[in-house]
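Below: one structure, written as structure tokens.
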Amino acid sequence: MLQHHFLTNKSQFANQEQVWEGSSSWERSAHNLRRKLTERDVPPNNPLAQFVGFAAYEAAGGNVRRDLFSDDESAPGYMTEPVLLEKLALERLEREAEAVRCEGWQWVEVRTSFGYSDRQAFDHCRTLAVDPSEEQLQRLDAIEALVSELEGKIDDLDPEADSAAIDALEAQQQQAEAEREAIEQTLQQIDPRDLPLAGAVVYVDPRGELAVLRGLVRGEDRKAQAAQGGAVAAPGNSSAGTAQAKAPKADYSEKLLRQLTAHRTAALRATLADSPAVALRVLAYQLAVQTGLSSRCGSGDRPVEIRADTADVRKEGADLAECKAQQEMEAHRERWGSLLPGDQRALLAWVLKADDTQVLDLLAVCTASTLNTVQGREAPQPIADAIAAAVDLDMADWWEPTAESYLLSVPKAKVIEAVREGAGAEAAAGLEGLKKPEAVTLAQQRLHGKRWLPPVLRAKG
């Protein structure tokens, strides 16, 4: 018979005894009994439980159900009053939000969670770039060189034998990237059109820590702004005119960002090549920009180049050569390479005689071949995002997180965050105490088939 750890709380003990007596002998395993007792309880690894803490929860009169079947009497147990927990979390978030409100934002919301689907209701504020000083430029170049040097050292080490050294190098890398982020934040300011709409969300992140996302615009406010011709009166806080949006923290090294966005480029090329109607319109858009017909477009985001350069994305990562999207695009090019004459005059004659369907297909493959959305630094790509939306690109059809494609290239905290988002808190809970190589191996298994994507590969808009 299982050894019971008797509880001081008599009602809890009575409930546990009732469950024991009401269970068949074959159901009286620790796992089954624990599940029946805690079906509606909040586990200790829940983000809100970690954010509020057991001390504050119990001080507010919260009840805790201790685990009968654990030999560890100091184990925290399960919180049995989720409504109280939510209330305590919101109260603490409101206190923390006061400091954010003092920054001058037009609005500040508090939320106990703020996941990917929640964020779809918001846009980021448009920003204007400020030219860096000579001193800032020199420092940014020095940081870039240091990050590249550290990446090289990490690549030369054995992930299993040198995990401690890798962790130390990654810590230096994070410190350098944090300094770069701080400099880059000073080089961005909110577009004056968005100042009357700009706000922030204060929330609990999946690790149970306080997080703030600044420089957001509510979707309904953006629509109202568009309906009024681009201007919306400020709701009343005139000090917001001086608020500046903080640039999102750089989540990836330049090497990993280039690798991830190279995968996106390959997938977008393959998808666009199968969408002649969209490709024709992308080509028309770019011709209008390049020839100056649309003089107000400026020279910003141009993912398609009329020069018809075909950047080789395979150089951005060892896994690019064998990726599904790259192979599909190469099949398109080989198909047309075998159809078209090799002589220029013969090629022109062939094109002039071809029917519209053939020409559209050829234009789609040619336009797709020139597309390049590889990034060295995180920045919005609105035109590329619009093309991806037009062809219904879902990167989960083309890419999966593996050790080589993502997990070995980010800190262990990012690996755990990916598993938590993709496979749930329970799947991520056991990774904390593992060394990084072991955590990566388990993470790859637990993310397989879950269609999880890092934010840079997720659909926008």
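Please treat every number below as a calculation from the coordinates, not as lab data. Just so it is clear, the model here is predicted, and its values are computed rather than measured. Cβ sites come from the backbone with ideal geometry, for glycine too, and all protein chains shown count toward neighbours.
A few comments on the model shown:
- Amide H partners (placed H, <5 Å) of Thr127, local residues excluded: Asp191
- Scanning residues 5 or more positions from Arg111 or on other chains, those with amide H under 5 Å from its amide H are Val202, Tyr203, Val204, with H placed 1.01 Å from N in the peptide plane.
- Alpha-carbon spread of the range 310-397, three principal axes, descending order, Å: 44, 28, 23
- In sequence order, the range 107-122 has phi-based couplings of 8, 9, 9, 10, 9, 6, 8, 8, x, 4, 5, 4, 6, 5, 7, 10 Hz under the Karplus curve 6.51 cos²θ - 1.76 cosθ + 1.60, θ = phi - 60°, and Gly or Pro positions carry x.
- Couplings for the range 89-104, taken from phi via the Karplus curve 6.51 cos²θ - 1.76 cosθ + 1.60 with θ = phi - 60°, read 5, 5, 4, 5, 4, 4, 5, 5, 5, 4, 5, 5, 4, 5, 6, x Hz in order; Gly and Pro are left as x.
- Residue-count net charge about Asp162 - beta-carbon cut-off 13 Å; Lys, Arg +1, Asp, Glu -1: -3
- Applying a threshold of 18 Å to the alpha-carbon distances of Lys414/Lys435; Lys255/Lys315; Lys414/Lys450; Lys255/Lys414; Lys255/Lys324; Lys414/Lys436 flags Lys255/Lys324 as lying beyond it.
- Backbone HN-Hα couplings from phi across the range 362-374 [Karplus 6.51/-1.76/1.60, Hz, Gly and Pro as x]: 4, 4, 4, 5, 5, 5, 4, 5, 8, 5, 8, 10, 5
- Put simply, the amide H of Trp398, placed in the peptide plane, has no neighbours under 5 Å, leaving out anything fewer than 5 places away on its chain.
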